[in-house]
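These notes concern the structure reproduced below.
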Amino acid sequence: QVQLVESGGGLVQAGGSLRLSCAASRSISSINYMGWDRQAPGKQRELVAFITWGGSIKYADWVKGRFTISRDNAKNTVYLQMNSLKAEDTAVYYCNADMGLTGYWGQGTQVTVSS
């Protein structure tokens, strides 16, 4: 098992930046995938990005170079640096961990981008 706690969300103007953090309760070095999803009001949850234990990274097509996912195994933390934020990025962002047979999610952190 793993508990995930997100932080770093908030209110930002369009064009601004935020860095989200996801602190895990155990070592993340061997977790298959860790990543971020988001859910905007009235919309389905969607993938933002994920990073594998080996360091491979995938982003949703709409990210288009604006976001960067990274992990610090020593701190058991995954980050999402978000730049050039747009109003449509407003959503609750959830950290997730795929441990093979089971997936885990945090409680989410709200990101609100004002236009």
Normalising by the residue count of the chain, find the relative contact order in percent from Cα pairs under 8 Å and 6+ residues apart. 37
In the stretch 70-115, carbon and sulfur make up what percent of the accessible area (probe 1.4 Å)? 47
How many percent of all Cα-Cα pairs in the stretch 1-66 sit more than 15 Å apart? 64
Taking all pairs of distinct alpha-carbon atoms in the stretch 75-115, Kirkwood radius in angstrom: 12.1
With the stretch 46-87 reduced to its Cα atoms and the Debye formula applied, log10 I(q)/I(0) at q = 0.16, 0.30 1/Å amounts to -0.43, -1.14
Springs between alpha-carbon pairs under 10 angstrom, Gaussian network model over the chain: which of Val78, Val48, Val63 fluctuates most? Val63
Would you mind pulling out the separation of the Cα centroids of the stretch 12-45 and the stretch 69-96, in Å? 4
Mind ranking Arg19, Arg45 by accessible surface for me, highest first, 1.4 Å probe? Arg19, Arg45
Share of the stretch 1-66's accessible area from carbon and sulfur, percent, 1.4 Å? 49
Tell me, what is the per residue accessible area of the chain in Å², probe radius 1.4 Å? 53
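The values are calculated or read from the model by the stated rules, or taken from the named source; none is laboratory data. On a predicted model such as this, the values are computed, not experimentally measured, just so you know. With ligands, DNA and RNA removed, areas are computed over all heavy atoms of the protein, side chains included. Shrake-Rupley method; radii C 1.70, N 1.55, O 1.52, S 1.80 Å.
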